[in-house]
Amino acid sequence: MVGDHRGRRIRIARLGAHTMNDKTVRLRQQAMAAHQRGALDEAESGYRTLLKQNPRDPGLLHMSGLLAAQRGDMTKAQEILARALSVKPDLAASHCTLGDIKAQLGDLAGAETHYRNSLKFERLAEAQSGLAIVLLRLGRAAEAVPLYRGLVAAAPRNVETHLRLGQALR
C-alpha cells in the first residue's frame, strides 16, 4: 500500500535542508506535519511553494510524489518520483514508493525492479516486504522466503509476516 512511510519522513525531510533559511525550514516542517496529520491540501500547498524555490529538492519531490499517490493520481506520482530519482538516483524511499505504485497498477516487473533498487541503497522493511509480496504474486515463492525470514527476525511479533512466510514455504 502506498503511503505509510512515516519512519523515513524525517530522513527525507533533511534532504536539502542544509541550504535553507529559517523561514523555509519552518514552511517545510509545517508542510510535513500537515502531510503527517492528513491535511493533504495544506501539505500540497506547502510543497508547491517550496518546490518553486528549489525545484530539484529530492526530499520535497519525494513527499510531493507520495502525496499524489495517496490522492490516487498514480500518473502524476510516478512523474514526480521519477524527477526525485533523476536528482538523487539512490533515494531508496522513492524507489520503494514507485515499487508500491507499480505493484498496485499490476506492473509486477516494474515493482520488482524498484524494490530491488531501493534495497540496493537502504534496507527498508517496506521494500523488503513489497518485493516478497511481488515475488509471491509472480510464483517465485522460494525467492520470497529469505526476505520473509529477515522480516520475521527484525519484527518477530508481526503476525502478518509470519503468515506470509508460511505461504511462501508451502
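The values are calculated or read from the model by the stated rules, or taken from the named source; none is laboratory data. Just so we're clear, the structure is a prediction, and the values are computed from it rather than from any experiment. Here the Cβ is made from the backbone with ideal geometry for all residues, glycine too, and neighbour counts use every protein chain on show. Just so you know, the surface numbers come from the protein's heavy atoms only, side chains and all, with ligands and any DNA or RNA stripped out. Shrake-Rupley method; radii C 1.70, N 1.55, O 1.52, S 1.80 Å.
So that you can scan it fast, the table gives a plain yes or no per residue for (1) under 23 Å from ALA125 (Cβ atoms); (2) open to solvent by 50 Å² or more (accessible area, probe 1.4 Å); (3) at pLDDT 95 or above; (4) not hydroxyl-bearing (Ser, Thr, Tyr):
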{"position": "ILE10", "(1), (2), (3), (4)": "yes, yes, no, yes"}
{"position": "LEU67", "(1), (2), (3), (4)": "yes, no, yes, yes"}
{"position": "ARG71", "(1), (2), (3), (4)": "no, yes, yes, yes"}
{"position": "LEU81", "(1), (2), (3), (4)": "yes, no, yes, yes"}
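Remark: pairs (first residue in the stretch 10-39, of a type in the set (A, V, I, L, M); second residue at pLDDT below 65; Cβ separation under 7 Å; 6+ apart in sequence or on different chains) = VAL25/ALA17; MET32/ARG9; MET32/ALA13.
Checking each residue in the stretch 28-44 for being surrounded by fewer than 18 Cβ atoms within 10 Å (Cβ to Cβ) and in a helix (DSSP H, G or I) picks out GLN29, GLN30, ALA33, GLN36, LEU40, ASP41, GLU42.
The one condition from (1) closer than 19 Å to ARG116 by Cα; (2) in contact (Cβ under 8 Å) with a residue 24 or more places away in the chain; (3) open to solvent by less than 10 Å² (accessible area, probe 1.4 Å); (4) out of contact with any Lys or Arg (no Cβ under 6 Å at 6 or more places or on another chain) that LYS88 does not meet is (3).
Of the helices (runs of 4 or more DSSP H) contained entirely in the stretch 66-153, those carrying at least 3 residues that are in contact with a Leu (Cβ under 7 Å, 6 or more places away or on another chain) and within 25 Å of ASN54 (Cα to Cα) fall at 74-87, 92-104.
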